[in-house]
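One structure is given below, encoded as structure tokens.
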Amino acid sequence: MARTIDLEELLKRSGCDRYRFDKNKWHTPQGAISIKGEKFFNWNAGFGGGGAISLVMHLTGYNGPVKLDNELSLSYTKIFT
């Protein structure tokens with residue numbers, strides 16, 4: 001189920017890079033994002049949320065949560081291609 005997808009794994013598979021000196025922080029197309037468990041915070045946008053669905057919606061501007069849940073459940077790398 002999409003809600004159980006690890007956020008760090010999601011960022012890795014989407015091509016985002018982990019900061020060298022802060023292992024909880026990631027370089028993303030939307031700016032610097034910190035991950036703590038199932039929560040994330042975008043330092044550039046001043047926005048945070050929780051879960052894989054919210055993170056993908058934030059990174060891509062995607063706003064179809066029902067379809068997104070199905071897509072992530074099948075293959076969450078599709079969202080970023």
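None of the figures in this text is laboratory data; all of them are computed from the coordinates on show. Just so you know, these numbers come straight off a predicted model, no measurement behind them. Cβ sites come from the backbone with ideal geometry, for glycine too, and all protein chains shown count toward neighbours.
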**Message:** Applying a 10 Å radius around every beta-carbon, put 44-51, 32-39 in order of their mean neighbour count, most first.
**Reply:** 32-39, 44-51
**For the stretch 6-23, Karplus couplings with θ = phi - 60° (6.51, -1.76, 1.60), whole Hz, Gly/Pro x** = 5, 5, 5, 5, 4, 5, 4, 5, 8, x, 6, 10, 6, 4, 5, 9, 10, 5
